[in-house]
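These notes are about the structure you will find just below.
The values are calculated or read from the model by the stated rules, or taken from the named source; none is laboratory data. Computed from a prediction, not measured in an experiment: that's the story for all the values here. Here Cβ is always computed from backbone atoms with ideal geometry, including for glycine, and neighbour counts include all displayed protein chains. For accessibility, only protein heavy atoms count, side chains too; no ligands or nucleic acids. Shrake-Rupley method; radii C 1.70, N 1.55, O 1.52, S 1.80 Å.
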Amino acid sequence: MRTVHVPDQILLSVDKPARYIGGELNAVRKNPDQVSVRVAFCFPDVYDVGMSHLGLQLLYGQFNSMPNVYCERVFAPWPDMEEKMRAHHIPLYTLETFSPVKDMDFLAITLQYEMSFTNILNVLDLSGIPIYAKDRTDDDPLVIAGGPTASNPEVLAPFIDFFYIGEGEVSYEELFNRYEAHKKAGGHRRDFLTKILDLGPIYVPAFYDVEYEEEPAPGAEYTPRIRSIRPNRPDAPATIRKDIVDDLEHSYYPTKPIVSYLQAVHDRAVVEIFRGCIHGCRFCQAGQVYKPVRYRSKEKVMQLCDEILQNTGYDEISFTSLSTDDYPWLEELMTEFREKYPHVGVSLPSLRVDAFSLSLMEKLAEGKKSGLTFASEAGTQRLRDVINKGLTEEDVLGGCRLAFSGGWDRVKLYFMLGLPTETEQDIYGIAHMGYQILDAWYQTPQEKRSRDVSITVSTSFFVPKSFSPFQWAPQATPEMYAEKQAYLNGQIRNRKIRYNCHDSFLSTLEGVMARGDRRVSRLLYTAWQKGCRFDSWSDHFRADLWKESLEECGIELAYYNYRERQADEIFPWDMIDYGVSKQWLRHEYERALAGKPTPNCKERCSGCGMMKLAHTGLCFEERRVES
Amino acid sequence: MNPERYRKRVVFWKGDRMRFVGHLDLLRVLQRAMNRAGIELVFSNGFNPHPQMSFAKPLSLGQEGMREIMELELASPMTDQELIERINAVLPPGILLLDAADMPEGTKSAMSMVDLAEYEIHLPDLDIDYPEALKGFLSLPEIPIRKLAKFHGRKQEITVDIRPRIRELKALNANTFYLLAVSTGEENLKPDKMMQVFWNYIGHPEQTANEQIVRTGLYQCREDGTLADMMQLLEYQAE
Ligand code: SF4
């Protein structure tokens, strides 16, 4: 076994050397010579971010629970470390055994956001693995990618040997077992790819050909649409079906997560209380790709808490899901947990604000009144109907009134700019909501309310994503974004209301990556070659280099972002099946444009098609019928 | 009457990869180890209660500490042996408790008692006669270093002569130095800073930070001139 030596001198010359040393509590130690499958699991961002990610802990733990597999970790080195590694010819290594990533059987990369893509190319390069899959040999690991952002794999298609679509808990064991047998029989890497096609969730880009039309697409100047995506071998399936965990209650859960030495971004125990989301917000990709809704029982959640707290010693825990409020046993769970663990802090993301949650939040914060958060997303009811966001103005204002009379003094509001059908009035509505909340504070009797109030309005830009009903929608141009932002900024004129906004060009790029096709891969390669990495970190984001790359590669933003896609258009990701049908998504898009909301999965099933893949979960439960 | 308090002074080793774990991170590592071991600490009062745990002297990143000192206040009594065993059973690699003792009521914190720190400095294998070089270095009347200091809230670069802060410096063998350094709250000699000057002095500035520094002990200089480590201090106090 080769190992990489990293001199102390180098570690001491970079920021936070603990990012590069491994050996943390609960990191798995195995003898690499005694396993037959070695996997490097890569979160393509800096250690402190990657270590906060539940998916990493989950697959790491699950892979290592297989006796024939050793899974180790690798992250994107921060630029200071990259510089040293390149200067001293140190290849990227795994944190567990300091083995070169190149010596692994698999490099499994998790895709969580588009703007980490340049880091992926950089990780390959630092590992000494050819960037393009076609250039790899039997000496290179097989490069896998998975995770929610694999829902449009095409921009990364030439760089990845195969994608795993859906929930990793399901098929990896079988995949690794097949690999073990394949390796023992002396098989070649490329041949292995043909042996896993029948598993279902495997997409091997090299086995599919994409053809384009002759004529430019309507609304584009020179870029034609996709004519067809077809497998080029008989055993490659025409559609790749996502894997779904049928029995969440008994599925693997990482109860011995690695506890980093460094303070990770989210430095606490995490228990996923349920998966999926009943609401179909039309901009949301996660809501669709994580369907159907599956709950963990309160007893199971408590059992997981016991084990994780015992194994980590954390004094804070986060109960995660896409929408905490919809957990059926939330109140009981909180009571029970607080009784059992009075000293463990609790964080509950995305909680609705009402009397129950206020008293809960206050209890959780031990008397301290943290801020209130509302993700309204849109400034008027009309636009909220378009995006199918159930939160009403009264929900927000009522929640604020209640909170203000209890002495709360901080409110954060989140909105999106550039949503389909948005008008000036909708943007004005954002400022208006800020003012209404301020009025609510002034109307609260002085003896009850806090001495001062701070209201923060944050906007991000709407970026259409694959598998969301808005996948057809046009994305605003950077100029339009800037205009909207400036307008809103002009409307907010009160020192008690603060306005936060984002860089619009980053959203433009995110849009290109989110809905791009194989032709966009060249852009990614070019930008990386010019030195782009850590694009989601504003101090490392190089807009100038990206602009140059767009120009050089002839990427037409009008085609990828600005035009509305046609009803019958073939999307780059059409070979992938997340269960939700394209017809249903289209139907949702049309309802959106007509301003019609759709009931959530609990109120009434709207027949999204998920039932054909799911075997359990909410889709099959009896539900309350709308009265 | 004061309720009884259960304060412990603990000696521990910090080395291996743990050398790259900073002071605040180490605090968290230990707190979590206590949680896992089911050992309850007393929490401070105040707006942001935190467990009562402190270190005599933070160790610089990259250095190994053979006998580091921390102090804890336990919520309930426990024997030294039990404390050590229960915590050691759950610590990650690179840190180990070696010794512990009760701190009677009124014992001053180690932080306020330490005034000398002892180091071994392991030098890289180069074609250099280190003992000879050291003689020359020590004959310097002044060893100035530049450092940032706060003056009236503003940061400024100042020059400090560290020569008086070297209590003792000698070659233990061809590749190892022994250093006894002044290490109080006000005056603190950082061995890596001293070595930087040394490398420059012998014409090898590129070797900076290439030495391995081990802190072997923390002491108080007693009136009779002898050194007492923090555990001995507790014994003297008992006499
Ligand atoms: S099949 Fe019905 S209940 Fe299931 S996810 Fe789709 S809309 Fe919701």
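Output the number of residues of the range A:267-305 satisfying the condition of being among the basic types (Lys, Arg) and within 14 Å of chain B (Cβ to nearest Cβ). Lay out the reasoning, then the answer.
Of all residues in the range A:267-305, those among the basic types (Lys, Arg) come to A:268, A:275, A:282, A:291, A:294, A:296, A:298, A:300.
Now restrict to residues that are within 14 Å of chain B (Cβ to nearest Cβ): A:268.
Result for the range A:267-305: 1.
For the range A:607-616, enumerate the residues that are surrounded by 16 or more Cβ atoms within 10 Å (Cβ to Cβ) and within 7 Å of the ligand (Cβ to nearest atom).
Correct list: A:Cys608, A:Gly609, A:Met610, A:Ala614.
Need the failing condition index for A:Thr380 against (1) at pLDDT below 90; (2) out of contact with any strand residue (DSSP E or B) (no Cβ under 9 Å at 6 or more places or on another chain), just the number.
(1)
When the residues of the range A:592-603 are filtered to those that are farther than 13 Å from A:Val293 by Cα and open to solvent by less than 50 Å² (accessible area, probe 1.4 Å), which remaining residue is farthest from the ligand (Cβ to nearest atom)?
A:Gly595
Anything in the range B:42-71 that is assigned to a loop (DSSP other than H, G, I, E, B), farther than 21 Å from A:Pro342 by Cα and within 14 Å of another protein chain (Cβ to nearest Cβ)? List them, or say none.
Matches in the range B:42-71: B:Leu59, B:Ser60, B:Leu61, B:Gly62, B:Gln63.
Any chance you could count how many residues in the range B:178-209 are open to solvent by 10 Å² or more (accessible area, probe 1.4 Å) and part of a helix (DSSP H, G or I)?
Summing the residues that are open to solvent by 10 Å² or more (accessible area, probe 1.4 Å) and part of a helix (DSSP H, G or I) in the range B:178-209 gives 9.
If you take the residues in the range B:15-41 that are within 24 Å of the chain's Cα centre (by Cα) and in a loop (DSSP other than H, G, I, E, B), which one is farthest from the other protein chains (Cβ to nearest Cβ)?
The first filter runs over the range B:15-41 and keeps only residues within 24 Å of the chain's Cα centre (by Cα), leaving B:15-34, B:41.
Filter again for in a loop (DSSP other than H, G, I, E, B), leaving B:15, B:21-22.
Details: B:Gly15: 12, B:Val21: 4, B:Gly22: 7 Å.
The selected residue is B:Gly15.
Name the residues in the range A:289-305 that are open to solvent by 30 Å² or more (accessible area, probe 1.4 Å) and in a loop (DSSP other than H, G, I, E, B), would you?
From the range A:289-305, those open to solvent by 30 Å² or more (accessible area, probe 1.4 Å) are A:290, A:295, A:298-300, A:303; that's our starting set.
Within the range A:289-305, A:Tyr290 is the sole residue that qualifies.
Please work out which one of (1) closer than 24 Å to A:Leu391 by Cβ; (2) in the same structural domain as A:Arg382 (by TED's automatic domain parsing); (3) within 15 Å of the ligand (Cβ to nearest atom) is the condition A:Gly579 fails and give its number.
With respect to (1) closer than 24 Å to A:Leu391 by Cβ; (2) in the same structural domain as A:Arg382 (by TED's automatic domain parsing); (3) within 15 Å of the ligand (Cβ to nearest atom), A:Gly579 is out only on (1).
So that you can scan it fast, the table gives a plain yes or no per residue for (1) within 14 Å of another protein chain (Cβ to nearest Cβ); (2) under 20 Å from A:Tyr172 (Cβ atoms); (3) surrounded by fewer than 20 Cβ atoms within 10 Å (Cβ to Cβ):
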| position | (1), (2), (3) |
| --- | --- |
| A:Val14 | yes, no, yes |
| A:Glu24 | yes, no, no |
| A:Val35 | no, yes, yes |
| A:Val46 | no, no, no |
| A:Gln62 | no, yes, yes |
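Scan the range A:403-436 residue by residue and report those that are assigned to a helix (DSSP H, G or I) and closer than 19 Å to A:Glu362 by Cβ.
As a first pass, look at the range A:403-436 and keep what is assigned to a helix (DSSP H, G or I): A:403-405, A:424-436.
Within the range A:403-436, A:Ala403, A:Phe404, A:Ser405 meet the criteria.
Could you tell me whether the range B:72-82 includes any residue that is part of a loop (DSSP other than H, G, I, E, B), away from chain A (no Cβ under 13 Å) and open to solvent by less than 70 Å² (accessible area, probe 1.4 Å)? Steps first, please.
Start the filter on the range B:72-82 by keeping residues that are part of a loop (DSSP other than H, G, I, E, B), which leaves B:75-79.
Cutting the leftovers down to away from chain A (no Cβ under 13 Å) gives us B:76-79.
Subsequent filtering for residues that are open to solvent by less than 70 Å² (accessible area, probe 1.4 Å) retains B:76, B:78.
The answer is yes, given that some residue of the range B:72-82 is part of a loop (DSSP other than H, G, I, E, B), away from chain A (no Cβ under 13 Å) and open to solvent by less than 70 Å² (accessible area, probe 1.4 Å).
Are any of the residues in the range A:246-259 hydrophobic (A, V, I, L, M, F, W, C), within 16 Å of the ligand (Cβ to nearest atom) and in a loop (DSSP other than H, G, I, E, B)?
No; the residues of the range A:246-259 include none that is hydrophobic (A, V, I, L, M, F, W, C), within 16 Å of the ligand (Cβ to nearest atom) and in a loop (DSSP other than H, G, I, E, B).
I'd like the residue in the range A:243-257 that is surrounded by 21 or more Cβ atoms within 10 Å (Cβ to Cβ) and modelled with pLDDT of 95 or more and, out of all such residues, is nearest to the other protein chains (Cβ to nearest Cβ).
Taking the candidates together, the pick is A:Pro257.
Residue under question is A:Glu336, and the condition is that it be in contact (Cβ under 8 Å) with a residue 24 or more places away in the chain, open to solvent by 30 Å² or more (accessible area, probe 1.4 Å) and more than 14 Å from chain B (Cβ to nearest Cβ); does it hold?
Working: in contact (Cβ under 8 Å) with a residue 24 or more places away in the chain: yes; open to solvent by 30 Å² or more (accessible area, probe 1.4 Å): yes; more than 14 Å from chain B (Cβ to nearest Cβ): yes.
Yes; evaluated as a whole, the condition is true for this residue.
Away from the ligand (no atom under 16 Å from the Cβ), without any contact (Cβ under 8 Å) to a residue 60 or more places away in the chain and assigned to a loop (DSSP other than H, G, I, E, B): which single residue out of A:Ser549, A:Ser538 fits that description? Steps first, answer last, please.
Details: A:Ser549 fails: assigned to a loop (DSSP other than H, G, I, E, B).
It is A:Ser538.
Among A:Glu169, A:Glu215, A:Glu211, A:Glu173, which is touching a Leu at 6+ places or on another chain (Cβ under 8 Å) and either more than 28 Å from A:Met85 (Cα to Cα) or open to solvent by 50 Å² or more (accessible area, probe 1.4 Å) (or both)? First the steps, then the outcome.
Numbers: A:Glu215 fails: touching a Leu at 6+ places or on another chain (Cβ under 8 Å); A:Glu211 fails: touching a Leu at 6+ places or on another chain (Cβ under 8 Å); A:Glu173 fails: touching a Leu at 6+ places or on another chain (Cβ under 8 Å).
Going through A:Glu169, A:Glu215, A:Glu211, A:Glu173 in turn, just one is touching a Leu at 6+ places or on another chain (Cβ under 8 Å) and either more than 28 Å from A:Met85 (Cα to Cα) or open to solvent by 50 Å² or more (accessible area, probe 1.4 Å) (or both): A:Glu169.
Among the residues in the range B:213-220, are any out of contact with any Asp or Glu (no Cβ under 6 Å at 6 or more places or on another chain) and surrounded by fewer than 17 Cβ atoms within 10 Å (Cβ to Cβ)?
Taking every residue of the range B:213-220 in turn, none turns out to be out of contact with any Asp or Glu (no Cβ under 6 Å at 6 or more places or on another chain) and surrounded by fewer than 17 Cβ atoms within 10 Å (Cβ to Cβ).
For every residue, the table says whether it meets (1) away from chain B (no Cβ under 14 Å); (2) out of contact with any Cys (no Cβ under 7 Å at 6 or more places or on another chain); (3) away from the ligand (no atom under 11 Å from the Cβ); (4) assigned to a helix (DSSP H, G or I).
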{"position": "A:Ile570", "(1), (2), (3), (4)": "yes, yes, yes, no"}
{"position": "A:Arg586", "(1), (2), (3), (4)": "yes, yes, yes, yes"}
{"position": "A:Glu590", "(1), (2), (3), (4)": "yes, yes, yes, yes"}
{"position": "A:Cys605", "(1), (2), (3), (4)": "yes, no, no, no"}
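Would you point out which residue out of A:Ile308, A:Ile317 is assigned to a strand (DSSP E or B) and either open to solvent by 40 Å² or more (accessible area, probe 1.4 Å) or within 14 Å of chain B (Cβ to nearest Cβ) (or both)? Can you show your working first?
On the way: A:Ile308 fails: assigned to a strand (DSSP E or B).
Answer to the selection: A:Ile317.
In the list B:Glu40, B:Glu64, B:Glu85, which residue meets the criterion of being open to solvent by 20 Å² or more (accessible area, probe 1.4 Å) and closer than 24 Å to B:Met113 by Cα? Talk me through it step by step, then tell me what you get.
Details: B:Glu40 fails: closer than 24 Å to B:Met113 by Cα; B:Glu85 fails: closer than 24 Å to B:Met113 by Cα.
Exactly one residue qualifies, and that residue is B:Glu64.
From A:Arg533, A:Arg519, which residue is more than 14 Å from every other protein chain (Cβ to nearest Cβ), touching a His at 6+ places or on another chain (Cβ under 8 Å) and away from the ligand (no atom under 16 Å from the Cβ)? Show your work before the answer.
Working: A:Arg519 fails: touching a His at 6+ places or on another chain (Cβ under 8 Å).
Only one candidate qualifies: A:Arg533.
Go through the range A:156-175 and give me each residue that's over 19 Å from A:Leu248 (Cβ atoms) and in a helix (DSSP H, G or I). Give the steps one after another, and end with the answer.
First, the residues of the range A:156-175 that are over 19 Å from A:Leu248 (Cβ atoms): A:156-163, A:174-175.
Matches in the range A:156-175: A:Leu156, A:Ala157, A:Pro158, A:Phe159, A:Glu174, A:Leu175.
Just checking, does the range B:120-129 include any residue being within 18 Å of B:Lys190 (Cβ to Cβ), part of a loop (DSSP other than H, G, I, E, B) and more than 14 Å from chain A (Cβ to nearest Cβ)?
Here is the first cut: in the range B:120-129, the residues within 18 Å of B:Lys190 (Cβ to Cβ) are B:120-123.
With the extra rule that they be part of a loop (DSSP other than H, G, I, E, B), the set shrinks to B:123.
The next check asks that each one be more than 14 Å from chain A (Cβ to nearest Cβ); those that pass are none.
Looking through the range B:120-129, none of the residues is within 18 Å of B:Lys190 (Cβ to Cβ), part of a loop (DSSP other than H, G, I, E, B) and more than 14 Å from chain A (Cβ to nearest Cβ).
Quickly run through the range A:538-575 and pick out the residues that are within 13 Å of A:Ala220 (Cα to Cα), among the hydroxyl-bearing types (Ser, Thr, Tyr) and open to solvent by 30 Å² or more (accessible area, probe 1.4 Å). Please lay out each step first, then the result.
Step one: list which residues in the range A:538-575 are within 13 Å of A:Ala220 (Cα to Cα), which gives A:554-566.
Those left that are additionally among the hydroxyl-bearing types (Ser, Thr, Tyr): A:559-560, A:562.
Of everything in the range A:538-575, just one residue is within 13 Å of A:Ala220 (Cα to Cα), among the hydroxyl-bearing types (Ser, Thr, Tyr) and open to solvent by 30 Å² or more (accessible area, probe 1.4 Å), namely A:Tyr562.
Test of understanding: among A:Ala264, A:Ala269, A:Ala286, which residue is within 21 Å of the chain's Cα centre (by Cα) and surrounded by fewer than 17 Cβ atoms within 10 Å (Cβ to Cβ)?
Details: A:Ala264 fails: surrounded by fewer than 17 Cβ atoms within 10 Å (Cβ to Cβ); A:Ala269 fails: surrounded by fewer than 17 Cβ atoms within 10 Å (Cβ to Cβ).
Only one candidate qualifies: A:Ala286.
Residue by residue, here is whether (1) free of Cβ contacts under 8 Å to residues at least 60 places away in the same chain; (2) more than 30 Å from B:Pro124 (Cα to Cα) holds:
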residue: A:Val4; (1), (2): no, no
residue: A:Ser13; (1), (2): no, no
residue: A:Ile21; (1), (2): no, no
residue: A:Ala40; (1), (2): no, yes
residue: A:Gly55; (1), (2): no, yes
residue: A:Leu58; (1), (2): no, yes
residue: A:Gly61; (1), (2): no, yes
residue: A:Pro67; (1), (2): yes, yes
